[in-house]
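Let me begin by presenting the structure, written as structure tokens, before commenting on it.
The values are calculated or read from the model by the stated rules, or taken from the named source; none is laboratory data. Predicted model only: the values in this text are computed from it and were never measured. In this analysis, Cβ positions are derived from the backbone assuming ideal geometry, glycine residues included, and neighbour counts consider all displayed protein chains.
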């Protein structure tokens with residue numbers, strides 16, 4: 001509990017910068033209760049207006065939470081959400097931050113990742129985000145290649161690149177914790193990408209690769225049966241939106257030196273790239289889907305309008 005307490009202090013006091021005159025909502029579920037309780041304990045020491053809301057784990061990453069959970073997110077000045085299934089790309093979260101609430105989601109967080117990921121130099125992470133963002137901000141096209149067969153080109157169009165620094169001290173600001181990435185929802189993409197790092201539900205990929213073919217911004221082939229079934233299930237509700245190529249992200253957390261099998265942490269690892277399928281409405285796109293499935297790619301080479309990008313390194 002001492003380790004959870006230390007990580008909770010970083011999240012509440014440094015990243016959230018909670019003040020005594022503010023309200024704070026901690027949203028958690030039955031499987032992440034110890035982390036939620038640790039965050040609530042710190043928040044309660046700062047403000048008398050702290051609340052913890054617990055609910056059964058959701059069925060899918062990106063699925064909307066129950067109405068009382070959405071109300072808790074939107075009704076507080078600040079929130080932290082350690083949950084089994086991600087609330088990052090939900091209307092509940094985006095509506096809350098659009099309305100002026102600030103906060104961070106911690107999707108799929110484990111006690112190990114909570115402790116490890118928040119033991120980082122967030123000033124350095126912010127510097128790496130700023131450097132990378134300046135380089136890609138005006139890009140028309142980004143190409144990612146690897147020795148394992150990835151060769152995919154993203155048309156950025158008018159979409160805005162965003163950064164996730166862990167600083168959620170300003171009204172309306174949002175982050176994942178642990179933090180550290182620069183990302184965009186591209187207007188389109190074409191090519192093939194090979195995930196050789198981490199991807200749900202498999203965790204850390206050792207000795208295997210998952211291949212995806214992308215045409216005109218939609219994933220048309222998925223080599224893995226289980227992931228294909230997940231996307232097909234989402235498509236029953238959302239149609240082709242479930243196959244949307246939703247995100248290109250670049251990891252900037254220089255404190256993450258090894259992948260551990262957690263998408264939440266591994267997608268932030270410096271020098272990696274991640275690509276996601278499904279919902280992008282919460283990150284600057286226009287596609288709504290009940291799924292947002294990230295895959296982490298190791299050792300990529302990234303070209304920004306034809307020039308190689310120097311990736312962050314630990």
Fill in: Those residues of the stretch 9-29 which are free of Cβ contacts under 8 Å to residues at least 40 places away in the same chain and in contact with a strand residue (DSSP E or B) (Cβ under 9 Å, 6 or more places away or on another chain), in sequence order
19
Fill in: Condition met for residue 55 (free of Cβ contacts under 8 Å to residues at least 40 places away in the same chain, on the phi < 0 side of the Ramachandran plot and in contact with a helix residue (DSSP H, G or I) (Cβ under 6 Å, 6 or more places away or on another chain))
yes
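Condition check ((1) within 25 Å of residue 4 (Cβ to Cβ); (2) not in a strand (DSSP E or B); (3) not assigned by TED's automatic domain parsing to the domain that holds residue 283) across all residues:
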{"residue": "41", "(1), (2), (3)": "yes, yes, yes"}
{"residue": "45", "(1), (2), (3)": "yes, yes, yes"}
{"residue": "53", "(1), (2), (3)": "yes, no, yes"}
{"residue": "62", "(1), (2), (3)": "no, yes, yes"}
{"residue": "65", "(1), (2), (3)": "yes, yes, yes"}
Discussion item. If I go through the stretch 289-308 residue by residue, how many of them are in contact with a strand residue (DSSP E or B) (Cβ under 9 Å, 6 or more places away or on another chain), surrounded by fewer than 19 Cβ atoms within 10 Å (Cβ to Cβ) and in a loop (DSSP other than H, G, I, E, B)?
Written reply: 2
Worksheet entry | Residue tally, condition more than 19 Å from residue 199 (Cα to Cα) and in contact with a strand residue (DSSP E or B) (Cβ under 8 Å, 6 or more places away or on another chain), over the stretch 95-116 | 6
Discussion item. Looking at 158, 163, 167 in this structure, which one is in a loop (DSSP other than H, G, I, E, B) and surrounded by 16 or more Cβ atoms within 10 Å (Cβ to Cβ)?
Written reply: 167
Practice prompt. Give me a count of the residues in the stretch 120-153 that are touching a residue at least 40 places away in the same chain (Cβ under 8 Å) and in contact with a strand residue (DSSP E or B) (Cβ under 7 Å, 6 or more places away or on another chain).
Written response: 19
Worksheet entry | Complete set of residues in the stretch 75-109 that are surrounded by 19 or more Cβ atoms within 10 Å (Cβ to Cβ), in contact with a helix residue (DSSP H, G or I) (Cβ under 8 Å, 6 or more places away or on another chain) and part of a helix (DSSP H, G or I) | 92, 93, 96
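Table: residues versus (1) out of contact with any strand residue (DSSP E or B) (no Cβ under 7 Å at 6 or more places or on another chain); (2) free of Cβ contacts under 8 Å to residues at least 12 places away in the same chain; (3) closer than 26 Å to residue 222 by Cβ.
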site: 118; (1), (2), (3): yes, no, no
site: 161; (1), (2), (3): no, no, no
site: 178; (1), (2), (3): no, no, no
site: 185; (1), (2), (3): no, no, yes
Worksheet entry | Which listed residue is closer than 23 Å to residue 257 by Cβ, within 19 Å of the chain's Cα centre (by Cα) and surrounded by fewer than 15 Cβ atoms within 10 Å (Cβ to Cβ), from 203, 172 | 203
Item to complete: Search the stretch 264-288 for residues being touching a helix residue (DSSP H, G or I) at 6+ places or on another chain (Cβ under 8 Å) and assigned to a helix (DSSP H, G or I), and hand back the single one that is surrounded by the fewest Cβ atoms within 10 Å (Cβ to Cβ).
Response: 281
Worksheet item: Residues of the stretch 61-73 being in contact with a strand residue (DSSP E or B) (Cβ under 9 Å, 6 or more places away or on another chain), crowded, with 18+ Cβ neighbours inside 10 Å and under 25 Å from residue 287 (Cβ atoms), which ones?
Response: 61, 62, 65, 69, 73
Worksheet item: Quick one: would you say residue 222 is over 20 Å from the mean Cα position of the chain (by Cα) and crowded, with 20+ Cβ neighbours inside 10 Å?
Response: yes
